[in-house]
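Report on the following structure.
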Amino acid sequence: MKLTEVERSSAAWMKLKEEINNQIVIMRNLNDGDLDYEKTLRLRGRISALKGLLAWGEPDQVLPVADEP
């Protein structure tokens with residue numbers, strides 16, 4: 001899923017994006033602590049899921065076409 005330009009510039013998305021980034025920072029700080037293996041995996045999964053949500057707001061990247069010889 002990708003957001004349109006209008007959706008990406010909406011106040012709701014900006015607010016949501018800020019909160020997601022804040023949650024990622026909190027989780028990364030927790031991950032830097034002394035967690036057991038299971039909790040570390042769970043936390044990394046949550047961080048990954050939040051990054052996936054943030055990716056909705058990234059515009060599609062157009063890759064350059066290599067010159068043919």
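The values are calculated or read from the model by the stated rules, or taken from the named source; none is laboratory data. The shown structure was predicted, so the numbers you read here are calculated from the model rather than taken from an experiment. Don't worry about glycine lacking a Cβ; one is built from the backbone with ideal geometry, like all the others, and counts go over all protein chains shown. These area figures cover heavy atoms from the full protein model, side chains too; ligands, DNA and RNA do not enter into them. Shrake-Rupley method; radii C 1.70, N 1.55, O 1.52, S 1.80 Å.
Worth a mention:
- Between LYS51 and ILE20, the simple label model (points 7 Å from Cα in the Cβ direction) yields a spacing of 1.3 nm.
- The structure-derived value of semi-axes √(5λ) of the Cα gyration tensor in Å appears in the list [x] 20, 17, 13; [y] 22, 12, 10; [z] 30, 20, 8 under the label [z].
- Options LEU53, VAL65, ASN29, ranked by Cα towards positive dipole end of the chain, top entry (Cβ charges): ASN29
- Portion, in percent, of the accessible area of the chain that falls on carbon or sulfur, probe 1.4 Å: 56
- Nearest 10 degrees, 0 to 90: helix 11-31 Cα axis against the chain principal axis: 40
- Placing +1 on the Cβ of every Lys and Arg and -1 on the Cβ of every Asp and Glu, with no other charges, gives the chain a dipole of roughly 380 debye about its Cα centre.
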